[in-house]
Ligand SMILES: Cc1ncc(COP(=O)(O)O)c(C=O)c1O
């Protein structure tokens, strides 16, 4: 049987490292897993308490609204005003999604069809390239290292219908200034494409950088949408609470599609998320500080191993160029070597697409002691 669409998906290289990790663990090895970006920090206590309370009420066991309950959309609009200085109408400019990933994937269904060009700076978070491809688009991949200029060049050459950007960026950890986002919004208006900003790391930034929302740029309400999520900022990955915000007709289109596809997140989760957004306001700062300490532990430890890596200004990752001596191996073989010889699992850069093969990505999802232990093992390997 031919499985249309999935057969054309690129092989998931992360699975190769994951498989080795499982085998090593089966052999009793203590593998430190800095591969998958799966947050280990607990969700806010208030989220758990409210979920328990709401789950005990039968009225919340029914189908919920796929666009999200009114209170939740209001709560995220309040959060946007407080945090990013952006005013949104919760009725027309906010729809709820089952995490940013689901929102982005289905958004492509309403935006593109066969042959439309979608620009995705690459290396990229895999769904950024896969979602437009699944919807039939031609995916154009300027180098993510080229910044907004490389995007502008691709736009001029390809006349895309959509451009997908994300800052702070996974995996390269690049950040953008408000001026750069304004440049992209101006370009979107001039060239008539929709600018989609995945803002998954909205509040995970360090050293004084405060990531701007694209919706704060002048004119963004006519040409941009943004995906926001509680996954990283509030460390609520498994809860699947995300939003698509911005240009009203795009919000309405995604809401309509999703009304056919799902009944929304379990209502007690929506209620707990509402209360969390309103009452756990400092949580993103606390989460961010934990990642900062881990980032520092990792970069310091790698530097001691003779592996100099620029500390990122955002995200929960460190994007490390493979040391010269091992560069010819490529990122997959190097990642397998790190797992086998140092008991450290990382993500091979090739998994994020073209331009990624010279790097590996460390996710800051183990505590500082474990990260220090990992860097000591890396040091031994590099000194051999
Ligand atoms: C850029 C980016 N977008 C989206 C996601 C997933 O977010 P969510 O859990 O809200 O679907 C991730 C998770 O790693 C990510 O790195």
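The values are calculated or read from the model by the stated rules, or taken from the named source; none is laboratory data. The structure presented is a predicted model; accordingly, all values stated were derived computationally and were not measured. For neighbour counting, all protein chains shown are included, and Cβ atoms are generated from backbone atoms with ideal geometry for every residue, glycine included.
Return the only residue of 77, 105 being at pLDDT 95 or above, assigned to a helix (DSSP H, G or I), away from the ligand (no atom under 16 Å from the Cβ) and closer than 18 Å to residue 245 by Cβ.
Exactly one residue qualifies, and that residue is 77.
Among the residues in region 164-177, are any more than 17 Å from residue 201 (Cα to Cα) and either assigned to a helix (DSSP H, G or I) or more than 14 Å from the ligand (Cβ to nearest atom) (or both)?
Looking through region 164-177, none of the residues is more than 17 Å from residue 201 (Cα to Cα) and either assigned to a helix (DSSP H, G or I) or more than 14 Å from the ligand (Cβ to nearest atom) (or both).
For residues that are touching a residue at least 40 places away in the same chain (Cβ under 8 Å) and at negative phi, scanning just region 78-88, find the one that is surrounded by the fewest Cβ atoms within 10 Å (Cβ to Cβ).
82
Give the number of residues within region 345-384 that are outside any strand (DSSP E or B) and more than 16 Å from the chain's Cα centre (by Cα).
Final tally of qualifying residues: 26.
I need a count of the residues in region 283-311 that are touching a strand residue (DSSP E or B) at 6+ places or on another chain (Cβ under 6 Å) and either under 20 Å from residue 201 (Cα atoms) or modelled with pLDDT under 95 (or both).
Matching residues across region 283-311 total 1.
When you go through (1) within 11 Å of the ligand (Cβ to nearest atom); (2) crowded, with 24+ Cβ neighbours inside 10 Å one by one for residue 214, which number turns out not to apply?
So residue 214 meets the others, but not (1).
Any idea how many residues of region 1-37 are out of contact with any strand residue (DSSP E or B) (no Cβ under 9 Å at 6 or more places or on another chain) and closer than 24 Å to residue 295 by Cα?
Qualifying residue count for the region: 1.
Can you tell which of 354, 368 is more than 24 Å from residue 176 (Cβ to Cβ) and in contact (Cβ under 8 Å) with a residue 40 or more places away in the chain?
368
Evaluate region 186-202: report whether one residue or more is under 18 Å from the mean Cα position of the chain (by Cα) and away from the ligand (no atom under 16 Å from the Cβ).
no
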